[in-house]
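As structure tokens, the structure follows; a few thoughts come after it.
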Amino acid sequence: MRTLAFVSLLGFTAAVAAQPNIRPGTNVTNTLGSLGSPAGAHTGTFPTGQQSWGVTTTSCNIGTINVPWLRDMNVDHPQMGMWMYRLYNGRLEQISQFMGVKHGFTSTNSPGCGSCPGGAGTSLVIGCTDTYGASLNYSHTYMAPPSEIDPWTGVWTSRGSHFDRGFPVVSPPGDTDNVRSGINFGTAHGYRNLVWDSGLNVTGATFFVSAYYVVIGEPDANRENNFATQQFTTSWNGSNWTWNGTSGHDQRPAIYRYTGATVTHANNNNGSDGRFYVAVRVTGPNAGMYHYDYAVMNRDNNRQGGALRIPVCTTATVSNIAFRDVDEVSGTDWAISRSPHEIVFTAPAANANNLSWGNMYNFSFDCDMAPSNGTVCVDQALPGAGNPGVHVVTSVPLNARNVTLGAGCGIPAPVLAGTGAAIIGNSSFVVTASNVAASSTNMFLLSAGAVNLPVPPCAIYVDPTLIVAVLSVAANGSGVATLPLPVPNNAALDGGSIVLQSAEVQVGGAYGGFADLSNGLRVKLGSCN
């Protein structure tokens with residue numbers, strides 16, 4: 001953590017780059033229209049096939065200048081990206097493959113977002129809207145690969161582009177003459193966006209569709225409303241997928257629809273490139289372990305994400321580390337490693353599966369450290385201006401504290417808790433058993449290991465074979481028994497732990513008729529370093 005903080009500090013003290021090619025006053029918003037019908041054909045055999053699709057989008061100029069909206073090989077026009085997501089079992093995942101962007105070609109300059117005077121279709125006039133239906137937004141004629149666009153600047157180079165090369169690709173010099181060539185994919189999906197049957201064929205899931213306008217020179221601060229996200233329902237009709245949208249739109253990225261997660265985003269690498277959004281959802285503890293789910297989305301970072309570094313205590317126990325991308329190809333999954341201070345996810349070599357713009361990947365693990373504020377780093381995959389990594393403040397497993405292992409039993413059940421942190425040399429650390437009778441006798445069992453041994457209606461959490469002490473403490477008049485546990489100033493203890501459970505001795509107790517048992521408590525010893 002100290003290392004990450006130092007690196008972050010270096011980033012802020014470096015020379016700050018300015019966003020290039022800003023056109024002050026540019027501000028285009030996005031409102032999704034009806035979802036329309038699924039685009040193209042379903043290929044493969046249900047439920048292992050794929051469906052191409054498109055969605056209706058409506059742009060609105062709420063800025064102070066007209067926005068160029070030129071067609072074909074003139075580079076000064078916006079592009080639209082489109083994605084599908086699924087919220088299921090507490091996790092938001094991207095389920096569509098980002099194959100292509102729709103290139104704008106003219107504006108209708110219709111009313112709907114202010115005082116629209118109309119105007120030529122070569123620009124989106126202030127106060128006017130322009131709508132592209134789903135059929136246009138998945139048309140082979142206007143779809144091209146997103147890799148041709150710098151999403152940070154909005155710049156697209158027409159010479160040698162997909163539209164210049166055509167499909168089938170024309171022979172030289174026609175493939176680089178900056179003249180539009182013919183495109184005929186036949187029944188193939190081409191650059192239409194795809195969703196897998198397996199992504200949609202999930203009962204009980206909630207689905208979202210999202211679209212985003214890339215606009216040349218739009219200031220970074222005005223870009224979040226270029227998104228629109230809408231919930232939809234879907235069903236398989238025997239030959240392809242159909243869907244219906246719900247009412248209402250959220251003019252933010254879909255990552256904000258991650259229920260129970262906290263979303264933060266970066267400082268666009270000090271003005272040199274686009275932003276990464278990080279959502280984190282932490283649940284637990286369950287048997288002493290917290291579950292961390294991260295979703296990382298590249299809004300418009302052209303250098304792409306090549307690794308995700310999550311700081312973690314050196315003494316932490318980490319398990320069940322997992323990665324999920326969009327392509328459903330295991331050979332392109334990111335590698336996973338654990339260093340003393342970090343959990344690191346790394347993209348394959350040769351830029352095989354970087355986190356490119358528009359995409360969102362998932363990262364998860366279990367850890368016995370509770371969440372606290374910290375900084376994750378998304379390494380930039382490609383060379384370019386700015387820092388080697390983008391730092392995002394979020395929740396990370398850096399809190400080495402007291403973890404409940406399971407509930408107690410009794411009427412009422414004693415509640416075991418630690419007061420403060422068992423830092424090495426902390427002479428004032430105590431454990432208390434509350435919710436017990438005044439002046440009652442309470443036996444504290446201390447063990448070097450944990451178990452979960454059902455003894456109905458209770459459970460034993462201290463490993464009987466590793467008991468190190470059994471201590472008797474009388475409760476005070478308020479029904480609280482306090483056990484001082486001063487932590488020796490001994491570095492050898494750093495990273496260790498001790499498991500405790502207390503028993504309130506009384507006739508008629510829940511356990512064996514002679515005691516009420518508390519919850520189990522694991523106390524982590526030492527600091528996070």
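Can you tell me which of V55, V75, V67 is touching a residue at least 24 places away in the same chain (Cβ under 8 Å), in contact with a strand residue (DSSP E or B) (Cβ under 6 Å, 6 or more places away or on another chain) and open to solvent by 20 Å² or more (accessible area, probe 1.4 Å)?
Only one candidate qualifies: V75.
Which count do you get for residues in the range 201-229 that are open to solvent by 40 Å² or more (accessible area, probe 1.4 Å) and in a loop (DSSP other than H, G, I, E, B)?
3
Right, N244: open to solvent by 30 Å² or more (accessible area, probe 1.4 Å) and within 19 Å of the chain's Cα centre (by Cα) or not?
For N244, the condition - open to solvent by 30 Å² or more (accessible area, probe 1.4 Å) and within 19 Å of the chain's Cα centre (by Cα) - is not met.
Could you check how many residues of the range 295-339 are at negative phi, charged (D, E, K, R), part of a loop (DSSP other than H, G, I, E, B) and in contact with a Phe, Trp or Tyr (Cβ under 8 Å, 6 or more places away or on another chain)?
4
Yes or no, residue by residue, for (1) of a type outside the set (S, T, Y); (2) free of Cβ contacts under 8 Å to residues at least 40 places away in the same chain; (3) touching a helix residue (DSSP H, G or I) at 6+ places or on another chain (Cβ under 9 Å):
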| site | (1), (2), (3) |
| --- | --- |
| N435 | yes, no, no |
| A438 | yes, no, no |
| T441 | no, no, no |
| P456 | yes, yes, no |
| T465 | no, yes, no |
| A475 | yes, no, no |
| P484 | yes, no, no |
| L493 | yes, no, no |
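Do we find that F232 is crowded, with 17+ Cβ neighbours inside 10 Å, outside any helix (DSSP H, G or I) and either at pLDDT 95 or above or among the aromatic types (F, W, Y) (or both) in this structure?
no
Just wondering, is there one or more residues in the range 62-79 that are touching a helix residue (DSSP H, G or I) at 6+ places or on another chain (Cβ under 6 Å) and β-branched (V, I, T)?
Among the residues of the range 62-79, not one is touching a helix residue (DSSP H, G or I) at 6+ places or on another chain (Cβ under 6 Å) and β-branched (V, I, T), which makes the answer no.
So, in the range 78-99, how many residues would count as being open to solvent by less than 10 Å² (accessible area, probe 1.4 Å) and under 25 Å from F363 (Cα atoms)?
So the answer is 9.
For the list (1) among the basic types (K, R); (2) part of a loop (DSSP other than H, G, I, E, B); (3) within 25 Å of the chain's Cα centre (by Cα), I need the number of the one condition that R86 fails.
It fails just one condition, (2).
Considering the range 302-329 alone, what residues qualify as being over 15 Å from D366 (Cβ atoms) and more than 19 Å from the chain's Cα centre (by Cα)?
Hits for the range 302-329 are T314, T315, V329.
Say we look at the range 235-258 and pick out the residues that are modelled with pLDDT under 90 and in a strand (DSSP E or B); which of these is farthest from W53 (Cα to Cα)?
Result: D250.
Can you tell me which residue in the range 376-394 is surrounded by the most Cβ atoms within 10 Å (Cβ to Cβ), limited to those that are in a strand (DSSP E or B) and more than 16 Å from the chain's Cα centre (by Cα)?
Per the criteria, the residue is Q380.
Return the residues of the range 247-267 that are within 17 Å of the chain's Cα centre (by Cα) and open to solvent by 10 Å² or more (accessible area, probe 1.4 Å); say none if nothing qualifies.
Matches in the range 247-267: R252, Y256, R257, T259, G260, A261, T262, V263, T264, H265, N267.
Are any residues in the range 156-188 among the hydrophobic types (A, V, I, L, M, F, W, C), closer than 20 Å to M82 by Cα and modelled with pLDDT of 95 or more, and if so, which ones?
W156, F163, listed by residue number.
Which residue pairs have Cβ atoms closer than 6 Å, lie 6 or more positions apart in sequence or on different chains, and pair a first residue in the range 497-511 that is open to solvent by 40 Å² or more (accessible area, probe 1.4 Å) with a second residue that is at pLDDT 95 or above and assigned to a strand (DSSP E or B)?
Matching pairs, first to second residue: V505/T441; V505/A515; Y511/L517.
Among the residues of the range 483-518, which ones are closer than 17 Å to A459 by Cβ, assigned to a loop (DSSP other than H, G, I, E, B) and under 37 Å from the mean Cα position of the chain (by Cα)?
S518
What about V282, is it open to solvent by 10 Å² or more (accessible area, probe 1.4 Å), within 19 Å of the chain's Cα centre (by Cα) and without any contact (Cβ under 8 Å) to a residue 60 or more places away in the chain?
Here the answer is no, as V282 does not meet what is asked.
Go through (1) hydroxyl-bearing (S, T, Y); (2) surrounded by fewer than 17 Cβ atoms within 10 Å (Cβ to Cβ); (3) closer than 23 Å to P348 by Cα for Y277 and report which single condition fails.
Only one criterion in (1) hydroxyl-bearing (S, T, Y); (2) surrounded by fewer than 17 Cβ atoms within 10 Å (Cβ to Cβ); (3) closer than 23 Å to P348 by Cα is unmet by Y277, namely (2).
Go through the range 131-168 and report how many residues are closer than 14 Å to I183 by Cβ, out of contact with any helix residue (DSSP H, G or I) (no Cβ under 6 Å at 6 or more places or on another chain), part of a strand (DSSP E or B) and open to solvent by less than 10 Å² (accessible area, probe 1.4 Å).
Matching residues across the range 131-168 total 1.
The values are calculated or read from the model by the stated rules, or taken from the named source; none is laboratory data. From a predicted model like this one, the values you see are computed outputs, not experimental measurements. Quick reminder, even Gly has a Cβ in these numbers, built from the backbone with ideal geometry, and neighbours come from all protein chains shown. Heavy atoms of the whole protein, side chains included, go into the accessibility calculation; ligands, DNA and RNA do not. Shrake-Rupley method; radii C 1.70, N 1.55, O 1.52, S 1.80 Å.
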